[in-house]
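Right, one structure below, let's go through it.
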Ligand code: HEC
């Protein structure tokens, strides 16, 4: 019985961590790839280090927030209204890391920083109208 529950616990641990690990890539493939592979509307192409370098320099919290709110040809949330900030952020990490960055999936602290940037960006956009 004890062995059995250890086995279940192990399965859950590995199943769960590999799902988390694959999240950024999965979201990218589902939602972002259609534009970010081909460079539709001048979307920064995944793997185009020259295009990504200035974005990477701007920083993870800022470009994730700006992408999530939407910027020019980039639709808010990648055009998927129910996409969470966390999933969006993971997909951004996946793309950036294919293009020269070495970012980590967002932790609590990073998600808070992204939230703050989103609020700031929304205020800025509201002023313009
Ligand atoms: C309909 C096409 C389209 C889809 C789908 C799309 N993007 Fe974009 N994305 C763009 C375009 C175009 C830009 C460039 C915007 C600009 O700077 O003019 C962009 C820019 C970005 C940026 C840089 C933002 C900045 O600060 O300049 C990030 C980050 C980003 N996208 C993330 C994502 C993620 C993550 C997804 C999927 C969840 C996604 N995009 C889906 C078109 C798209």
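Coordinate-derived values only; no laboratory data. None of these values were measured; they are calculated from a predicted model. Because the Cβ atoms are built from the backbone with ideal geometry, glycine has one as well, and the counts that use them run over all protein chains shown.
By the count of other C-beta atoms within 10 Å, a proxy for reagent exposure, 128, 29 are ordered fewest to most as 128, 29. Stokes-Einstein, applied to the Kirkwood radius of region 23-128 over Cα pairs at a viscosity of 0.890 mPa s and 25 °C, places its translational diffusion at 180 µm² s⁻¹.
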